[in-house]
Structures are given as structure tokens and as C-alpha cells.
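Participant: Below you will find the structure I want to go over with you.
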Amino acid sequence: MAKQGSCFCGKVRISVEGEPIAKVVCHCLDCRKITGSVFSTNLITPTSGFKVLSGEPKTISKVGDSGNEVTSHFCGDCGSTLWRDGPSFGENKVVKVGVLDDYEALNEAKPAGELFVNHRVSWVPEVPGATQKSAK
């Protein structure tokens, strides 16, 4: 069953269907800035199960902490980032779980991995059982 989500103002709506390829949190500086928090919670999902239902997101691309170009797709009105993509992710989308409408989406997105753990803030513990990957 598809899960739907939107930006804060509701003008851009998305749908994600199928099992994610990965469930990860990322501690890189870009993810901190995009979320305004200590990390981002992400579903890596195949493009085949991803749809923009309404609205026209804006994009901004930059070289991320990984050294690869990453494109953020966000609402031009409220600024919410809904997903990211780029060559590092192949034909997949990195959906920001917090934009999904289902209150259980974050519980279901318990990360199996953590990225850029060497940038994790000192007062956030590692996720038990999650693979830990540092920046290179």
C-alpha cells in the first residue's frame, strides 16, 4: 500500500509504494541543514515506487559531503525538502520520512544504518543494531 506525504504547506504531495531498499539516518552537515535538526531520517526507495502527486517542487543541486552531486527537491513556498537524489543513489529517491502523513512512518523507518557517524553530535547515541558508517 502506498504512503503519501507532503510539504508543510501541502502544495507538493508525494507517494511512496513498495519496500524501501534501505532505512538510514544521516548525520552529514547537509542533512542537518535540510532538517534543521541533528540528522535526517531517510527511506531509500526505488524510483518505480515514487510519484509526485501534485505540485511542482523546486530543486537545488550541490556537491555533498560524499563528494558527489546531490539534488534536493523542495517546496518553493514553504521550503520543506521532500526527497533527494543523485548519482550516488542510482535510480532511487531518498525520501525524508518526516514528510509522510502516516504517524507510524517514523516507527516503521527504524534505521538499519547510520551514515557520517563521525559527525554525530555527542548527545545522540547510536541506533542499537544499526550499521555505523563514517565519512571517508
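Participant: Just give me the residues in the stretch 86-118 being in contact with a Phe, Trp or Tyr (Cβ under 9 Å, 6 or more places away or on another chain) and surrounded by fewer than 21 Cβ atoms within 10 Å (Cβ to Cβ), in sequence order.
Facilitator: GLU114
Participant: Take the residues in the stretch 21-30 that are touching a residue at least 60 places away in the same chain (Cβ under 8 Å) and of a type outside the set (Gly, Ala, Ser), then tell me which one is farthest from VAL94 (Cα to Cα).
Facilitator: My answer is LEU29.
Participant: Right, something else. List the strands (runs of 3 or more DSSP E) inside the stretch 4-94, counting only whole elements, that have at least 1 residues being closer than 20 Å to LYS136 by Cα and touching a Cys at 6+ places or on another chain (Cβ under 9 Å).
Facilitator: Of the strands (runs of 3 or more DSSP E) lying wholly inside the stretch 4-94, those with at least 1 residues that are closer than 20 Å to LYS136 by Cα and touching a Cys at 6+ places or on another chain (Cβ under 9 Å) span 22-26, 40-46.
Participant: Regarding the stretch 9-18, can at least one residue be identified that is out of contact with any Gly (no Cβ under 7 Å at 6 or more places or on another chain), buried (at least 18 other Cβ atoms within 10 Å of the Cβ) and at pLDDT 95 or above?
Facilitator: For the stretch 9-18, residues out of contact with any Gly (no Cβ under 7 Å at 6 or more places or on another chain), buried (at least 18 other Cβ atoms within 10 Å of the Cβ) and at pLDDT 95 or above: absent.
Participant: Moving on. SER40 is checked against (1) closer than 21 Å to SER6 by Cα; (2) in contact (Cβ under 8 Å) with a residue 60 or more places away in the chain; (3) surrounded by 18 or more Cβ atoms within 10 Å (Cβ to Cβ) and fails just one. What number does that condition carry?
Facilitator: (2)
Participant: Here is a check on your reading of the model: is ASP65 in contact (Cβ under 8 Å) with a residue 12 or more places away in the chain and surrounded by fewer than 18 Cβ atoms within 10 Å (Cβ to Cβ)?
Facilitator: Considered against the rule, which asks whether it is in contact (Cβ under 8 Å) with a residue 12 or more places away in the chain and surrounded by fewer than 18 Cβ atoms within 10 Å (Cβ to Cβ), ASP65 comes out as yes.
Participant: For the stretch 59-85, what are the residues that are over 29 Å from MET1 (Cβ atoms) and in contact with a Phe, Trp or Tyr (Cβ under 7 Å, 6 or more places away or on another chain)?
Facilitator: ASP65
Participant: Let me ask you something else. Considering SER54, SER122, which residue is modelled with pLDDT of 95 or more, more than 23 Å from PRO20 (Cα to Cα), surrounded by fewer than 16 Cβ atoms within 10 Å (Cβ to Cβ) and more than 16 Å from the chain's Cα centre (by Cα)?
Facilitator: Within the list SER54, SER122, the selection yields SER122.
The values are calculated or read from the model by the stated rules, or taken from the named source; none is laboratory data. Only a predicted model underlies this, so the values are computations on that prediction, with no experimental measurement involved. Glycine also receives a Cβ, built like all others from the backbone with ideal geometry; neighbour counts cover every protein chain displayed.
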